[in-house]
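> One structure, as structure tokens, below. Some questions next.
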Amino acid sequence: MSIERKRLSPEESRAAALEAASAILMEAGPQAVTLKAVASRMGRTHANLLHHFGSAAGLQMALAGHLAGTVCDSIAEIILQNGGAEHDPARVVDMVFDAFDKQGAGQLATWMILSGNENALNPVVDAIHELIDEIGQGQPDKSMHEDTLTLVLLAMGDALLGEPLARSLGLPREAAREIASKLLMASPRLSGRTGGAANRAMLGGDGKPTLPISAISPKGGRCIS
């Protein structure tokens, strides 16, 4: 007796494929994310996946966009849920770092680039750009984009080199996350847009700066690196 397989809409089929690809990415790494592997995980045919994504590269780019979009939606919800009220930047940092590290977005993007796909980061960049435009409405300059650039570069680097580099330097594994959190707390744009958050990030409990003087720009007191 044959079991009739549930018929999925094109949108449902694509979403299911991305969920399966995400699971394979975390289990076996980016090189394992192929049309054949995803089709097998879903119980679908190779032709079905080919119809939705066109190629393995298309599937991988869609997966990168899916991962970035998911984390950006979560970040937007945190930042916008209280109408811009102050919140904990560490939550945003953890979400971005987890997306690149634990969810495999960093390895996926790097592997795609090394495989010759120069547009590998486009879906990630597009999702982040859309997020920043949403939460930065009314901002007269590109300062929020600068904050996001710093955060993403830190997260990408940490995903690829964070553990061995921190170990070789005698630093805690979470050092990069802590640095990123301090940078965001020092930025009124992503820390609830309050000067108090910036001051608290710059000063420790003893009133002394927690960041080196070289990390503070003379223009407005922003942390630059």
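The values are calculated or read from the model by the stated rules, or taken from the named source; none is laboratory data. Please read all numbers here as calculations on a predicted model, not as lab measurements. Because the Cβ atoms are built from the backbone with ideal geometry, glycine has one as well, and the counts that use them run over all protein chains shown.
> Mind checking which residues of the range 45-59 are over 28 Å from the mean Cα position of the chain (by Cα) and in contact (Cβ under 8 Å) with a residue 12 or more places away in the chain?
ASN48
> Go through the range 112-225 and tell me which helices (runs of 4 or more DSSP H), entirely inside it, have 1 or more residues that are of a type in the set (S, T, N, Q), surrounded by fewer than 21 Cβ atoms within 10 Å (Cβ to Cβ) and modelled with pLDDT under 80.
Once the helices (runs of 4 or more DSSP H) in the range 112-225 are filtered for at least 1 residues that are of a type in the set (S, T, N, Q), surrounded by fewer than 21 Cβ atoms within 10 Å (Cβ to Cβ) and modelled with pLDDT under 80, what remains is 122-135, 143-157, 195-202.
> Just wondering, is there one or more residues in the range 113-136 that are within 9 Å of the chain's Cα centre (by Cα), farther than 20 Å from LEU161 by Cα and of a type outside the set (Phe, Trp, Tyr)?
yes
> Let me ask something else. Being crowded, with 19+ Cβ neighbours inside 10 Å and within 21 Å of LEU121 (Cα to Cα): is that true of LEU49 here?
Against the criterion (crowded, with 19+ Cβ neighbours inside 10 Å and within 21 Å of LEU121 (Cα to Cα)), LEU49 does not qualify.
> Residues in the range 34-52 that are modelled with pLDDT of 90 or more and either among the basic types (Lys, Arg) or under 19 Å from ALA68 (Cβ atoms) (or both): how many?
So the count comes out to 3.
> Search the range 17-36 for residues being buried (at least 18 other Cβ atoms within 10 Å of the Cβ) and of a type in the set (A, V, I, L, M, F, W, C), and hand back the single one that is nearest to GLY104 (Cα to Cα).
LEU25
> A follow-up question, please. Restricting the search to the range 85-104, which residues are of a type in the set (D, E, K, R), modelled with pLDDT of 85 or more and in a helix (DSSP H, G or I)?
Within the range 85-104, ASP94, ASP98 qualify.
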